[in-house]
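Reading through the structure tokens given below for one structure.
The values are calculated or read from the model by the stated rules, or taken from the named source; none is laboratory data. Remember, it's a predicted structure, so these values are computed and weren't measured experimentally. All Cβ positions, even for glycine, are placed from backbone atoms using ideal geometry, and neighbour counts span all protein chains on display.
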Amino acid sequence: MNRALQQAGLELFEKPFLAEVLAVTDGQFRILAQGQILKAQKAFSCLLEPQKGDLVALVAAYPSERSYILGILERSDPGDALAGAQLALPPQTEIRGQDLALNLSHLAVTSQRIQARATQANFSGQWLKLDFSLFQCLAKRALSVMGSFWGRFGRWRSTAEISHLQAERMTLKAEKTLVARAGSLDLKAEAAARIDGQTIELG
């Protein structure tokens, strides 16, 4: 049995007792309980990471002679807005439920790989920014409805068996050269067609 626990007069398995976190080192904790300094580790169900100065619930297990932190009862400075909390999950974690709602002012996700599967996915917002070194979109059908679209590309390439563009008004503008190449080219205008340039070559 842990001598420090014996000296503190703590009964095992009866109920948790209050303790204070003195130091945190590589997932191990030094705890002050009833005047005695003990070593402890987080219980598997304790997902929040204790910090120095936290008031925690502690329990001792026999015969392993280990002390476990069951949960954090109070932060060292509850009024500190920057104290925050860190959630530590096991390597393989699954969250199951029918509905999950996150209401946040800011959400940051950092991951080597993100995979999402859904029968239907809806994204809405006032502003969306995508910044990738490589972006690939694979779909059987793609539909985009926009009031206006502005794009700037260093290089852009599109390959498709059938490509169809339709708009009420469309403008193509190139600062230097605009090249159109096709096996056959058919240009039709319902009203007037105009070609204007310093040099025009046909044939």
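Observations
- Top-ranked residue in the stretch 52-70 [being modelled with pLDDT under 90 and surrounded by 14 or more Cβ atoms within 10 Å (Cβ to Cβ); ranked as farthest from the chain's Cα centre (by Cα)]: E65
- Residue selected from the stretch 155-203 under the condition among the small types (G, A, S) and modelled with pLDDT under 75, by the criterion farthest from the chain's Cα centre (by Cα): G203
- Residue count for the stretch 31-47, restricted to those that are surrounded by fewer than 16 Cβ atoms within 10 Å (Cβ to Cβ) and in a strand (DSSP E or B): 4
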